[in-house]
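Encoded as C-alpha cells, the structure appears first; notes follow it.
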Amino acid sequence: MLAGCLTGDDGGDDVEGVPDEPAEDEELELVHWWTAGGEEAALNDLLESFRNEYGYSGGDINNNPAPGGAGSAIDTAIQSRVSSGDPPSTFQIWPGGSLDPYTSEDLLNPINDVWTDEMDSAYLDGVKETARHDGDFVAVPLNIHRLNNLFYNVNVVEDAGIDVDGLSDGEDLLTAMETADSEGYIGMAHQTSSTWSTLQMWEMVFMAQNGVDAYRDVLDKNVSDHESALEESLQLVVDYSDYISPNSASVTWDEANQAVIDGDAAFLHQGDWAVGEYQTASGFDYGEDWDMVPFPGTGGVYAIVMDSFVMPTNNPSPTMTKQWLRQCGSIDGQETFNRTKGSIPPRTDVPTDDYPEFLQDQASDFSDSDEQVPSIAHGSGIDPDGKSQFEEIFSGFIESWNASETASRIVDEL
Ligand code: GAL
C-alpha cells in the first residue's frame, strides 16, 4: 500500500497512506541552497522548530546543501537523482513554472493531505495557486521575498551627499553611483561570478523604464516590439557596470554585500534575503546604518520571489518528508524562518507584531502594493526554457557588456 502510494510509477497517489510514525531507518535528506550567513541561520531556525515539533535529534536529518545563490547549483545536484528514482526526501524549489519539469514527468507526489483545511484557509490565494498542479497541491511555499529593493549604507550616502529619497528612476541611480565613486566609495556592491544578479538587476531597470505591462510582455516572450527598450535598459546596466564592486567576478552576492556592511559601498540591489546578512551583522541597525527604498522607478511594485519544498516520488522518508512539509506550512515554522530570512510569511495568520521593523515595513508595502510581479532570474516568471535562454544570453552579456548585441539576441532567441 505504502509502496504503491509512493513509488511514483504513475505520479503517486496522495500522501494519505503515509504512517504517522517514521520507519526506524528514516532520515530526512534536505537539499537547498541556503548557505549564506543569514540564510543558513534562517534554515537552522526552521530545522530547530521541526525537531522540537516532532521530537527529532540532529542525527535524523541529513542537511545536504547545494550552495550557489539563486539555486545556481541545485539543478545539477538533484535533477538526475529525482528522475532516476533516487531523490532526496525534499528539496528547495521556486513554486510556479519551475515545478513543470518535475510535474510533467510525474516526479512529485500530490500532497493534498499535507494541505489541511486549516493551512488551506490561511494561505494567500495567489500563493496557493503556485503550489498546485492539475488541481493537486505539490509544493508548500514557505516565504515571500521582495526583489525590487535598493539597499544602502546610510553613512556612506550621507557622506557622499546623495539624497536617496530623491532617486526617481534608474538614470538617477546611475548619477548617485557616479557621486559615490567620486567620493571614494564603490557605487554598487554586485557579483558577476554567476549571471543571476545582473539578470535580476536588468529586470528592475527594464520595469522601471517601461512599466509593469511591458515587463509582463517580456515574461510572455513578446520581445520583438521592445527591442529598442531592451537595448536602452541593457545600456543603463552597462553604465552601472563601471561602478560595481571591482572584485565582482570573484565574489558571491553575500561577499559583495559585505562591502555595504563595512561602509565601503553605497548601494546593493538584491532581494531582501540580504537583510538576513544585515540582521546578523553586529552594530548594523535598520534605519540608522542601513536602509532600503524600492528600486527607483518601481515604487508600488512588489516583485516577488518565493521558495517552497516538495515531496519527490519514490520518497526515501515518506513520514518525515510529510512532517517537514507540514512544518513549512505551519504558523510556527513560518514565524521563525521568515523572521531571520528577511521575507514575509505566505500564511496570513502568522503573528508578526514583534518582527523586526524592516519586515513590518515590507509587510505593509506588500499589502499596499499595486502590482506583484514574478521574476525571470528566480524562476517563477517564465518557463524553465525561457529562463535558461535568458541565463545563457546574460552570461554573454556580463562578459561583453554589449547592449545592442544582447538586445538582438533576446529578440532572436526567445
Ligand atoms: C532566491 C531564493 C532566496 C535566496 C536567493 C539568494 O532565488 O528564493 O530564498 O536564497 O535566491 O540565494
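Just add up the charged neighbours of residue 368: K/R +1, D/E -1, any other residue whose Cβ is under 15 Å from the Cβ of residue 368.
Working: positive: 146; negative: 361, 365, 370, 371.
Net charge in that neighbourhood comes out at -3.
Each principal axis of the stretch 34-74 carries a Cα extent, and these read 33, 18, 11 Å when sorted largest first.
Over the chain, average the accessible area per residue using a 1.4 Å probe and give it in Å², no decimals.
Ligands and nucleic acids excluded, the result is 38 Å² per residue.
Our summary gives the chain a relative contact order of 29 percent, counting only alpha carbon pairs under 8 angstrom and 6 or more residues apart. Based on alpha carbons, the Rg and Dmax found for the chain are 21.3, 69 Å. Taking all Cα pairs closer than 8 Å and separated by 6 or more residues, the relative contact order of the stretch 108-239 comes to 16 percent.
Probe radius 1.4 Å, ligands and nucleic acids ignored: give me the carbon and sulfur share of the accessible area of the chain as a rounded percent.
Numbers: 6200 of 15570 Å².
The C+S portion of the solvent-accessible surface of the chain is 40 percent.
With respect to the chain, whose longest principal axis is taken over its alpha-carbon atoms, helix 74-83 is tilted by about 30°.
GNM remark for the chain: springs join alpha carbons under 10 Å apart, and the peak mean-square fluctuation among 95, 87, 351 falls on 351.
Of all the C-alpha pairs in the stretch 14-98, what % are more than 14 Å from each other? Of all Cα-Cα distances in the stretch 14-98, 70 percent exceed 14 Å. Each 10 Å bin from zero up to the one holding the largest Cα-Cα distance in the stretch 374-414 carries the following percent of pairs: 31, 54, 15. Each Lys or Arg adds one and each Asp or Glu subtracts one; over the other residues with Cβ under 11 Å from the Cβ of residue 118, this totals -1.
Could you give the length gained on full extension between residue 24 and residue 282, defined as 0.36 nm per residue of separation minus the Cα-Cα distance, in nm?
Working: separation 258, 0.36 × 258 = 92.88 nm, distance 4.25 nm.
Taking residue 24 through residue 282 to full extension adds about 88.6 nm, to one decimal.
The residue 242 and residue 120 beta-carbon pair, evaluated with R₀ = 45 Å, returns a calculated FRET efficiency of approximately 0.35.
Peptides 317-328, 388-399 ranked from most to least packed, by the mean per-residue count of other Cβ atoms within 10 Å: 317-328, 388-399. With each label modelled as a point 7 angstrom along the Cα→C-beta vector, the residue 385-residue 227 pair spans 2.3 nm.
Could you grab the relative contact order for the stretch 247-335? Cα pairs under 8 Å, six or more apart, rounded to a whole percent. Mind showing how you got there, number by number?
On the way: 27 pairs, mean separation 13.9, N = 89.
16 percent.
Name the shape class, rounded, prolate or oblate, that the alpha-carbon gyration tensor gives for the stretch 265-414, where a ≥ b ≥ c are the square roots of its eigenvalues, rounded holds for a/c under 1.5, and otherwise prolate holds if a/b is larger than b/c and oblate otherwise. It comes out oblate by the Cα gyration axes.
Return the calculated 222 nm mean residue ellipticity for the chain, to the nearest 500 deg cm²/dmol, obtained by summing -39500 (n - 2.57) across DSSP H runs with n ≥ 4 and dividing by the residue count. Walk me through the numbers before you get to the answer.
Details: 17 runs with 186 residues, N = 414.
Mean residue ellipticity at 222 nm (helix-derived): -13500 deg cm²/dmol.
Spin-label model, residue 175/residue 392: points 7 Å from Cα along the beta carbon direction are separated by 4.1 nm.
Here the chain is treated with +1 on each Lys and Arg Cβ and -1 on each Asp and Glu Cβ, and its dipole about the Cα centre works out to around 540 debye.
Whole-percent P(r), the stretch 299-344, all Cα pairs, 10 Å bins from 0: 22, 42, 27, 8, 2.
Spatial offset of the stretch 9-87 relative to the stretch 216-260 amounts to 33 Å, using the alpha carbon center of each. Shown is the FRET efficiency for residue 48 and residue 16, computed with R0 = 41 Å from the Cβ-Cβ distance and rounded to the nearest 0.05: 0.90. The spacing between the stretch 274-288 and the stretch 339-375, judged by their C-alpha centroids, is 17 Å.
To the nearest µm²/s, what D does Stokes-Einstein give for the stretch 240-350 at 4 °C and 1.567 mPa s, using the Kirkwood radius over alpha carbon pairs as Rh? Display every interim value, and only then the final one.
Details: Rh = 16.9 Å.
D = 77 µm²/s.
About the Cα centre, and with charges only on the beta carbon of Lys, Arg (+1) and Asp, Glu (-1), how big is the dipole of the stretch 19-112? Nearest 20 debye, please. Could you put the intermediate results ahead of the total?
On the way: 2 positive and 18 negative charges, 86 e Å.
Roughly 420 debye for the stretch 19-112.
So how much slack lies between residue 353 and residue 367, counting 0.36 nm per residue of separation and subtracting their Cα-Cα distance, in nm?
Values: separation 14, 0.36 × 14 = 5.04 nm, distance 1.53 nm.
Residue separation times 0.36 nm, minus the Cα-Cα distance, leaves 3.5 nm.
Taking the average, over residues, of other Cβ atoms within 10 Å as the packing measure, peptides 293-303, 372-382, 17-27 rank 372-382, 293-303, 17-27 from highest down.
Quick one, what does Rg over Rh come out to for the stretch 1-153 if you take C-alpha atoms and the Kirkwood Rh? It would help to have the intermediate numbers written out before the result.
Details: Rg = 16.4 Å, Rh = 17.1 Å.
Rg/Rh: 0.95.
The values are calculated or read from the model by the stated rules, or taken from the named source; none is laboratory data. What you see is a predicted model, and the numbers here were worked out from it, not measured in a lab. Positions of Cβ are backbone-derived with ideal geometry, glycine not excepted, and every protein chain shown enters the neighbour counts. All accessible areas refer to the heavy atoms of the entire protein, side chains included, with ligands and DNA or RNA removed. Shrake-Rupley method; radii C 1.70, N 1.55, O 1.52, S 1.80 Å.
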